[in-house]
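Taking it in order: structure first as structure tokens, then the write-up.
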Amino acid sequence: MRRSTRHTFAAAVALGLVVIPVASVIAVFLASGSGTVSGAQITTSSPSSVRIDAAAAPGSEFVYEGPSTTALAPGGDVKMSLAVTCLTSCPATVGSIRLVSVSSNQSGCSSAALPGTFTSPGLAVNTTITGTVIVGQLTVFMNSTGDDQTPCLGATLTFNLATP
């Protein structure tokens, strides 16, 4: 009897070593399924639109620093307070404001004509706006790039801003 118990046990172990891995492989290849997740909502309003303006009274909206404290010059910067007004589908959440481009009243004085001349780190806003809100100060730098920047002498600049 002992001999048959040993043979039975050895046969069971051998069978287990073969059957268990094969059954696992078959289960992996045969397993399939699907599922659904529901409940996500789509907004019932259109995207908001906002207008960005200078927040200070005309004539006092710019603060200059650098080589000149009365006008923007290479190596200097200008700071301006900004107000954002929600125009449609209010309230609007504004994360940040960035400088898109600079144009001017003089030929050859723009961010397109003088790449790298006008830069800004942008302004973090992170505010929900329902009416008009003063959101902070944006700084624009006029970098000394080594390019001829004389087309900008005496120019009046327009800063084109956007939310991302």
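Once the C-beta distance of Thr156 and Thr127 is scaled by a Förster radius of 35 Å, the resulting FRET efficiency is 0.75 to the nearest 0.05. Each residue, Asp147 and Ser89, gets one label point 7 Å from its Cα in the Cβ direction; the gap between the two is 3.6 nm. Classify region 64-164: rounded, prolate or oblate, from the alpha-carbon gyration tensor (a ≥ b ≥ c, eigenvalue square roots; a/c under 1.5 rounded; otherwise prolate if a/b is larger than b/c)? Cα axes put region 64-164 in the prolate bin.
All of the numbers you see were taken from the coordinates with simple rules; none came from a lab. Since we're looking at a predicted model, the values are computed, not measured. In this analysis, Cβ positions are derived from the backbone assuming ideal geometry, glycine residues included, and neighbour counts consider all displayed protein chains.
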